[in-house]
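Novice: Quick one: the structure is below, questions incoming.
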Amino acid sequence: MNGLYGKDFLKLLDLTPEQIVGLVDLAADLKVRKKAGIPHSLLSGKNIALIFEKTSTRTRCSFEVAARDLGMGVTYLDPSGSQIGKKETIADTARVLSRIYDGIEYRGFGQSIVQTLADYSSVPVWNGLTDEFHPTQILADMLTVREHFGYLKGIKFVYMGDARFNMGNSLTVGCAKLGLDLTICAPQGYFPAPELVEQCREIAAETGGSITLTSDTADVAGAQVIYTDIWVSMGESADVWQQRIEALAPYQVNAELMKTAGEHAIFMHCLPSYHNRDTEIGAEMCAKFNRDAMEVTDEVFESPASVVFDEAENRMHTIKAVMLATLMKD
Ligand code: CP
Ligand code: NVA
């Protein structure tokens, strides 16, 4: 479908704007079918493998439920329950799994790992998050923005905080590809790599989008979307918390920032989020650094402006679209 049949889904840079919008459209259609109770087991008889070298709630559940809705069988390989990496290389794993399965999802560390998996696999490989990119998340984010505002091109989208990792990178690519006006509001040194920004500015020049980098929170005025991510990502050392809090505290999404954005702004977050002290790590870090929340206050997280659970639900519909488009012949 969409020219994506048999293809991998590793990063949005590999797709055309039309292919990305096509996936969002397909997800919206699949969402309607699911809500209406219309069966859509279009990939009946196929099987997929899910490799998770990092933990997950949304991505794993979305792949599992989406696969079952499409009629597929699923095998989950957890961070310790297989030979991957310890006794068997990624290249060998790819060749074994593609003899048995019709598609492979991978969540883990470097983008080069999922690239190697794809290079050696004869079936589609889907990126379920790497240090560099989280492409399925962006599809869910775009579906959520479009559901809320009715369009994507020209949306004033603000990303707050550490933009050097998977979410900052992927949103920069996604906004550029789909013609949104992206502002990244972060301290100096916390922007995506200059080469990626340059590449995305060239893409944005063709799609009508734009990319603005600023360290001034006053620049969020007029934002339609305020987006943030956790300050310390999976795989990073706990030692970086202090430095991150010092740098990023002025960029926390709180009531004052939402007021600066304006009354029509929605709040988005890929989740999980440290918006209170009610988690193990949240409690430990909030106590250690004498804070009630990290990247977003509980007040904003729980406010009517917050669409984070729409976003979470849309992970499932968009992941289903990716699997259908790559596994079903036109
Ligand atoms: N947003 C996201 O990827 O969530 P999980 O880590 O729970 O999969
Ligand atoms: N940046 C976060 C995203 C989680 C969905 C992480 O990698 O942990």
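The values are calculated or read from the model by the stated rules, or taken from the named source; none is laboratory data. Please read all numbers here as calculations on a predicted model, not as lab measurements. Here the Cβ is made from the backbone with ideal geometry for all residues, glycine too, and neighbour counts use every protein chain on show. Ligands, DNA and RNA are excluded from the accessible area calculation, which covers all protein heavy atoms including side chains. Shrake-Rupley method; radii C 1.70, N 1.55, O 1.52, S 1.80 Å.
Novice: Only residues that are touching a residue at least 12 places away in the same chain (Cβ under 8 Å) and either open to solvent by less than 40 Å² (accessible area, probe 1.4 Å) or farther than 20 Å from Glu64 by Cβ (or both): list them for the range 30-46, please.
Specialist: Listed by number, the residues that qualify are Leu30, Lys31, His40, Leu43.
Novice: With respect to the numbered conditions (1) under 27 Å from Leu10 (Cβ atoms); (2) loosely packed, with under 15 Cβ neighbours inside 10 Å; (3) of a type outside the set (Asp, Glu), which one is the sole condition not fulfilled by Thr279?
Specialist: (1)
Novice: Under 8 Å between Cβ atoms, which residue pairs at least 6 apart in sequence (or on different chains) link something in the range 216-234 that is at positive phi and assigned to a loop (DSSP other than H, G, I, E, B) with a partner that is away from ligand 2 (no atom under 16 Å from the Cβ) and open to solvent by 10 Å² or more (accessible area, probe 1.4 Å)?
Specialist: Gly222/Lys156; Gly222/Gly262
Novice: Criterion first (over 30 Å from Glu88 (Cα atoms), out of contact with any Asp or Glu (no Cβ under 6 Å at 6 or more places or on another chain) and surrounded by fewer than 18 Cβ atoms within 10 Å (Cβ to Cβ)) does Gly179 satisfy it?
Specialist: No; evaluated as a whole, the condition is false for this residue.
Novice: I've got another one for you. Answer yes if at least one residue in the range 145-155 is touching a Ser or Thr at 6+ places or on another chain (Cβ under 7 Å) and at negative phi, and no otherwise.
Specialist: No, the range 145-155 has no match at all.
Novice: Could you tell me which of the residues Glu198, Glu147, Glu202 is open to solvent by 10 Å² or more (accessible area, probe 1.4 Å), within 26 Å of Arg60 (Cβ to Cβ) and charged (D, E, K, R)?
Specialist: Values: Glu198 fails: within 26 Å of Arg60 (Cβ to Cβ); Glu202 fails: within 26 Å of Arg60 (Cβ to Cβ).
On inspection, the qualifying residue turns out to be Glu147.
Novice: Which one is nearest to Met316 (Cα to Cα), of the residues in the range 51-66 that are of a type in the set (Gly, Ala, Ser) and within 9 Å of ligand 1 (Cβ to nearest atom)? Show your work before the answer.
Specialist: Initially, the range 51-66 is screened for residues of a type in the set (Gly, Ala, Ser), giving 56, 62, 66.
Now narrow it down to the ones that are within 9 Å of ligand 1 (Cβ to nearest atom): 56, 62.
On the way: Ser56: 13, Ser62: 4 Å.
Within the range 51-66, the match that is nearest to Met316 (Cα to Cα) is Ser62.
Okay, residues lined up against (1) away from ligand 2 (no atom under 16 Å from the Cβ); (2) farther than 19 Å from Glu147 by Cα; (3) part of a loop (DSSP other than H, G, I, E, B):
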position	(1), (2), (3)
Gln242	yes, yes, no
Glu256	yes, yes, no
Pro272	no, yes, yes
Cys286	yes, yes, no
Ala293	yes, yes, yes
His317	yes, no, no
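Novice: Quick check, is Leu4 of a type outside the set (Lys, Arg), away from ligand 1 (no atom under 16 Å from the Cβ), under 26 Å from Leu178 (Cβ atoms) and in a loop (DSSP other than H, G, I, E, B)?
Specialist: Answer is yes for this residue.
Novice: Let me ask another. Of the residues that sit in the range 230-257 and are of a type outside the set (A, V, I, L, M) and touching a strand residue (DSSP E or B) at 6+ places or on another chain (Cβ under 8 Å), which one is surrounded by the most Cβ atoms within 10 Å (Cβ to Cβ)?
Specialist: The extreme case among them is Tyr251.
Novice: Continuing with the same structure: In contact (Cβ under 8 Å) with a residue 60 or more places away in the chain, surrounded by fewer than 20 Cβ atoms within 10 Å (Cβ to Cβ) and among the aromatic types (Phe, Trp, Tyr): does that describe Phe133?
Specialist: For Phe133, the condition - in contact (Cβ under 8 Å) with a residue 60 or more places away in the chain, surrounded by fewer than 20 Cβ atoms within 10 Å (Cβ to Cβ) and among the aromatic types (Phe, Trp, Tyr) - is not met.
Novice: Among Ala193, Ala221, which is open to solvent by 20 Å² or more (accessible area, probe 1.4 Å) and over 27 Å from Gln243 (Cβ atoms)?
Specialist: One residue alone meets the criteria, Ala221.
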